[in-house]
1. Using a 7 Å offset from the Cα along the Cα-to-Cβ direction at both Asp252 and Ser624, what is the distance between the two label points in nm, to one decimal?
2. Going by a ≥ b ≥ c, the root eigenvalues of the Cα gyration tensor, does the stretch 123-200 fall in the rounded group (a/c under 1.5), the prolate group (a/b larger than b/c) or the oblate group?
3. Taking amide H positions as placed in the peptide plane 1.01 Å from N, state which residues far from Gly573 in sequence (5 or more) or on other chains have amide H under 5 Å from it.
4. Which lysines, on any chain, are close to Lys181 with Cα under 30 Å apart, when same-chain ones fewer than 8 places away are left out?
5. Rounded to the nearest 20 Debye, what is the dipole magnitude of the chain about its Cα centre when Lys and Arg each give +1 and Asp and Glu each give -1 at the C-beta?
6. How big is the dipole moment of the stretch 352-428 about its Cα centre under a simple scheme where the beta carbon of each Lys and Arg is +1, that of each Asp and Glu is -1, and everything else is neutral? Debye, nearest 20, please.
7. Cα gyration tensor of the stretch 1-65, axes a ≥ b ≥ c as square roots of the eigenvalues: rounded (a/c below 1.5), prolate (a/b > b/c) or oblate?
8. With a Förster radius of 25 Å, plug the Cβ-Cβ distance of Gln400 and Leu373 into 1/(1 + (r/R0)^6) and report the FRET value to the nearest 0.05.
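The values are calculated or read from the model by the stated rules, or taken from the named source; none is laboratory data. Just so it is clear, the model here is predicted, and its values are computed rather than measured. Every residue, glycine among them, receives a Cβ derived from its backbone with ideal geometry; neighbour counts consider all protein chains shown. Accessible surface is based on the protein model in full, side chains and every heavy atom, while ligands, DNA and RNA are left aside. Shrake-Rupley method; radii C 1.70, N 1.55, O 1.52, S 1.80 Å.
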Amino acid sequence: APDIPVIDQAYSKLSNSITVEWRAVPGATNYMLTAQDGDSFVETIVKNSPGTVTGLKPATLYRITVRSINSGGKSQPSPFRKVKTVLAAPILSVHSLSCDSIAVSWKAVHMAAGFSVSLMRSDGLGRMLKQNTTNTSLIFTNLDPGALYTIKAYAWNANGMPGDDFTYNQRTSPNAPVDVKAAFDSGALRVVVSWMPAEGALTYSVTVSSGLLNLRCNTSSASCTVPSLQCGSEYYVSVTAYNDAGSSEPTDALSLKTMPCAPVNVSIEEDEPGHLLVSWSSVSLGHYYVVFVKSDDGLEVHCNTSHTHCHFQSDCGFTYFISVFAYNKAGQSPLGDVFNYTTAPCCPSDFRAVFMSVDTVRVTWAPVRGADLYETRAAGGSGVVLCRDTATACTLSALQCSTPYNITVYSFSEARGSNTSCAPQYVATAPCSPQIKNISKEGPSVVSVQWQPNNEEATYVVTARGEAGLWHCTSTRNSCTLMDLPCGSAFSVSAIARSAAGQSFPSYSIPLETAPCCPNDLILTQVTQSVTNISWSVGRGAQTYVTTLESPKGQAKCHTLQTYCLLGCITCGTNYTVSLKAISETGLTSSCTYQGYSSSACCPSGVKLYRLSNNGIRVFWRASDETINYKADLHGSKGNFSCTPSLGLSHCDITKIPCGDVYTVVVAPVTDKGPKLNLFSSFCPKKIYSVTCSGSSVGMVIYRGKSNAKHI
């Protein structure tokens, strides 16, 4: 077994543990710490010094020993040390007594001689307050309202040794809100109460009271809406702030008077013809009154008075709608009952005749007091059309188009009978609908439309409607011309007639299609000496296309659904005319012409190379056209060379060409219509020649073909 360890020191910093330090023992792998209190003890195995024994009782004297351990066993216990655990922490009970004070209390701690309690704002602002006491409670005052404080307390023993500490966070209750305002909404019978937020307040409660009625609103913001107020009442408004510490004092009550209630006992009488007297009972909190009188033709007058009656002028044949409102500083009273009063009958006024369609007119008029029945009479054309109804409107149908009518409305009542002095009103029906007889095309974008005229003093409007838009023409006769119709478009053509009386029904529609559009862009690209690719943009309305290249030497043609085409059998050095036909789905055709096209010049034949003196090469060929100049290009690993003869010659010379290299040779025509052809862009055939060397400066030209090289 290992040697007995020696304890250097043992001490307690927490009420439930003791820490021990000792000298290391050679060969020891672990150590057993033992804390003994009478017959009870606590053991802990640790690796090395220092070690801590936990699970102890506060303010208790323990005997501490250490034993070393290895594979051979345990040593004897070390000489013991007596150590007392520190005092337990006081368990605090904290609450805010008011917005500026906090009360702290705790239970007595065993072996404690006194207590130390400190308080400081949790955000670090302000100074720390600290009190030492032998009591088990104390109160901190003059604190900030609604602020969060951190409270720390510990006990000490008779020797002044501090024990465990206890920390608690407590917020003071908030101050009462300030700057309380109440905005009354008379339309919704509610009040919006607002205030300045109080520090530390989490929620607010608004109380609106009137007698035994208490209305409340809780919120976390700085405003709250209290609904369901009553008219003609005085309320008192107060606000209380809350947080987790408690509540503030309620604010001073703010007086709020609502608008008055609607006046009652309203009576209406015609004290003499042409004069109405409106009276009512006074209402609580009403400072003045306004009476609105609105007639059935929309005219409205009002009377503003502090009394309980008003006088108005009236006219015959009108129904008046009367409402009375009371007012004070809070606003207007709610709408009460709306009363109507009808004066003596007149001839129906506000007479209106509105055509619902060509053969149907709706007649309306202002109501007449006491009228039990109305008769509407329309005289004109081949007879009379009658309508009888109790309503103030009548619909007369089956009228003849383009016909004048006299319409009269008579009122009937049981007491007075019929008022036959009412004047008629003249109306005319809309023109009759035209009938299109023929549509003829006068050009690619011009169409003439003819119809059968069947109205007097009417203007006819022809409309072509399609996806491309609307086109119109107008005439007072029997035909008109639609101009500038777009190509490749489908239209529906109809006609209407117009006059001062209105507009006829449209005629039956007739379909119209214009020829397809010619493509705007057409591009010709020569692919090989005898093949040309033609591409073009889409022609609106076209389904298929026919492209043609034509010259005195022949013609190339292609019919396709696509917007491109390959044309073969193209002769080199030839001018072609370019044309295209766009064909619609129904067979309409547009012939399109474009700028002429010239195929590339023909390549020469019989290209040969000859050795000249001074390391020179002569390139010889047979020209296809003596009016075309040619250019010879030689491309090798030691350099690129070219030569161009004078016009009319069929050879050119290249001097000082290096021997011992293989050259690719192309002879191609050169024109002034574009960039010169080179080795890579030419359609002409390429030949490979080898220029050999003989000695140091003399060489020979050898043609390399599919067979072995040979001299030329």
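1. About 11.3 nm separates the two model spin labels.
2. prolate
3. For Gly573, the qualifying residues are Ser599, Ser600, Ala601, Cys602.
4. Partners within reach: Lys257, Lys329.
5. Dipole magnitude for the chain comes out near 5180 debye.
6. Taking the Cα centre of the stretch 352-428 as origin, the dipole is about 140 debye.
7. It comes out prolate by the Cα gyration axes.
8. 0.40
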